[in-house]
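Okay, so here's the structure we're looking at.
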Amino acid sequence: MNKPFTAVLLVAALCLGAAVTPAEAKNSIQIKGSDTMVNLGQAWAEAFNRIRPEVNVAVTGGGSGTGIAALLSGTCDICESSRAMEPRELKVAEAKGIAPKQEIVALDGIAVVVHPANPVKDMTIDQLRGIFMGDIKNWKDVGGKNIPIVILSREVNSGTHLFFKEHVLRRGVAKGPEEFSPFALLMPSSQAIADEVTNNENAIGYYGMGYISPAQKVIAVAKDASSPFVKPTIENVKANTYPISRPLYIFTNGEPKGVIRDFMDFAFSKEGQEIVRKTDFVPVR
Amino acid sequence: MTNLTVNLKEKIGFGALFLATMAVVVPVLCIIWLIVTRGWSAISWEFLFTMPRDGMRAGGIFPAIVGTFYLVLGSVAFSLPVGVMAAIYLNEYAKDNFLTRMINLAIINLSGVSSVVYGLFGLSLFVVFFRFGVSIISGSLTLGIMTLPVIITTTREALRAVPKPFREVSFSLGTTRWQTIRHAVLPFALPGILTGAILSIGRAAGETAPILFTVAAFYLPNLPNSPFDQAMALPYHLYIISTQIPNIRLDYRYGTALVLVGFVLIMNISAIVVRSKFRKKRW
């Protein structure tokens, strides 16, 4: 009796909600989006608050997809995203009269990590592809011990997941047929991947450079067999020698105004870009 | 000889029952022990009463504590009056007909709905439809609706436990139904009602899913200053510092868990105290 009623109400509310336009916020900024960038947004908000204590900057994570959906439904002012908007999303934006403005605010390298006791220290993109698609099943095939490989991936709402799939599994072809191995474990967060890799000698996983810690071993990656193995460091991502790196975006609805403009200026300022570096991403200015 | 085997059988039987009881108690004790030993070192004045710093790796969890306090206050302010009134109606006024049975069914269903469904419900109703936005008021109302069945059920049990003669004597003095409820029933049901309210506070304080979409913020530099602001909250804060913040000190996670568990434990213990105190004064 109750559940169908709830369901009806839910659907009705969602339909009506689609027509709701964003309320004009004055002294508050809503930032929503990528879990990779949420710590960066938090650090900006914390520092911005020291300069402009009267402005309330609320930071929320949830994933790039969540942030873009929020921008499109008018429930956030700034969307942090670790991927560009898809044509499907742009179409929705157009239909709702929202003009997403894209800025690249930082660069990110995706680190491939294994347990510190794992003897493997470098791999080619092809080897990574073989492992994450499930074709290479044992560490001995890539120069490690004779133990099975446990694949850790992020869940599908994650921008990191999509980027890794497109640039490693599909070698840059966005709509390629390749998929992660069905045996890959889908982890809810980058920190969950870090924790599992720390404790599991069989595991291999990937996360944004910001998560690199001595408790996991970072793999040096080569574009192909004839290229040098490169570690995900700020210098290497900037020099574009590390093969798995990506831009990090900020979207606003149209040209940012008022306090949102001030916040964006701060993000691109010397101090804002220093924060980018401190949260282990690569500054763009 | 037969006596001996009967005795033995009984001993084995009681042993099994005792083991089953222990199986309930041991995990609780283990959890508390684990959280206290690992989290105690984080607890300090600064941890409890300052804002987070350095990417939430230092400083305190004050905004999360304040947020949880507001949410609990808001949810009880909504669910206690509504729940108690509904329970009084159902127990004292309603006839046992089809509608009443359907309402009962709805309440049972409500208490079985998983908390994430309440979160989505709150998102679509309060956040989007009523345009409250992601705010304390949306979160409070969502939590309030989630705790309604607890309050209704405990209040009804409390009303039902008041002996029938109390009402009959009151009616025989020529009082109205409401006068009877007000003076001859409610005072004696109060401890039960309070228990329900306090248990629902514990539930509201500890839930993550209903606040996920309706109120919780990853980070806020200032405390909320209106019901339409977002807030941080303890369970969600614990979730994000465990999943999103790299290289955070372990005792910060466990310290946050300790504050949350401590909050709920204090609530539950005060429920027991209130109950036993009022019970002594009973008829």
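Reducing segment B:106-134 and segment B:1-79 to their Cα centroids gives an inter-centroid distance of 27 Å.
Put in order of Cβ neighbour count within 10 Å, fewest first, the listed residues B:Val264, A:Val112, B:Val116 become B:Val116, B:Val264, A:Val112.
Listed values for segment A:125-135 are Karplus-derived 3J(HN,Hα) couplings in whole Hz (6.51 cos²θ - 1.76 cosθ + 1.60, θ = phi - 60°), namely 4, 4, 5, 4, 4, x, 5, 6, 8, x, 7, and x replaces Gly and Pro.
Around the amide H of A:Asn138, modelled in the peptide plane, lie the amide H atoms of A:Ile149, all under 5 Å away and 5 or more residues distant in sequence or on another chain.
Here the Kirkwood formula puts the hydrodynamic radius of chain A at 20.2 Å, using every distinct Cα pair.
Here the Karplus curve 6.51 cos²θ - 1.76 cosθ + 1.60, taken at θ = phi - 60°, turns the phi angles of segment B:93-106 into couplings of 9, 5, 7, 7, 10, 4, 4, 4, 5, 5, 4, 4, 4, 4 Hz, with x standing for Gly and Pro. Using R0 = 51 Å, the C-beta based FRET efficiency linking A:Phe183 and B:Asn7 works out to 0.40.
Secondary structure note: in segment A:109-245, about 55% of the DSSP beta bridges are antiparallel. Each of B:Thr195, A:Thr36, B:Thr21, A:Thr160 was scored by other Cβ atoms within 10 Å of its Cβ. Arranged with the fewest first, they read B:Thr21, B:Thr195, A:Thr160, A:Thr36. For every other residue with a beta carbon closer than 13 angstrom to the beta carbon of B:Val215, add +1 if it is Lys or Arg and -1 if Asp or Glu, then tell me the sum. Spelling it out: positives minus negatives among the neighbours equals -2. DSSP beta bridges fully contained in the protein assembly as shown are about 60 percent antiparallel.
Judged by the mean number of other Cβ atoms found within 10 Å, the most tightly packed of the peptides A:216-227, B:251-262 leads the ranking B:251-262, A:216-227.
Counting only residues at least eight positions apart within a chain, or on another chain, the aspartates and glutamates with an alpha carbon under 19 Å from that of A:Lys270 are A:Glu46, A:Glu103, A:Asp108, A:Glu235, A:Asp262, A:Asp280, B:Asp54.
Share of pairwise Cα-Cα distances greater than 36 Å in the protein assembly as shown is 46 percent (whole percent). Take each residue of peptide B:212-224, count the partner chain Cβ atoms within 10 Å of its Cβ, and average: the result is 6. In this structure, B:Ser44 and B:Phe98 have a Cβ-Cβ separation that, at R0 = 41 Å, corresponds to a calculated FRET efficiency of about 0.10.
Around the amide H of A:Val112, modelled in the peptide plane, lie the amide H atoms of A:Ile219, all under 5 Å away and 5 or more residues distant in sequence or on another chain. Shown in residue order for segment B:51-57 are the 3J(HN,Hα) couplings computed by the Karplus curve 6.51 cos²θ - 1.76 cosθ + 1.60 at θ = phi - 60°: 6, x, 10, 6, x, 6, 8 Hz (x for Gly and Pro).
Straight-line reach from A:Lys137: taking Cα to Cα under 28 Å and skipping same-chain neighbours fewer than 8 places apart, the lysines in range are A:Lys121, A:Lys145, A:Lys165, A:Lys175, A:Lys217, A:Lys223, A:Lys231. Given R₀ = 35 Å, FRET efficiency for A:Lys223-A:Lys96 by Cβ-Cβ distance, to 0.05? That pair, A:Lys223 with A:Lys96, gives E of 0.30. Summed over qualifying helices (DSSP H, 4 residues or more, each -39500 (n - 2.57)) and divided by its residue number, the protein assembly as shown shows a 222 nm mean residue ellipticity of -16500 deg cm²/dmol.
All of the numbers you see were taken from the coordinates with simple rules; none came from a lab. Remember, it's a predicted structure, so these values are computed and weren't measured experimentally. No Cβ is skipped: glycine too gets one built from the backbone with ideal geometry, and neighbour counts run over all protein chains shown.
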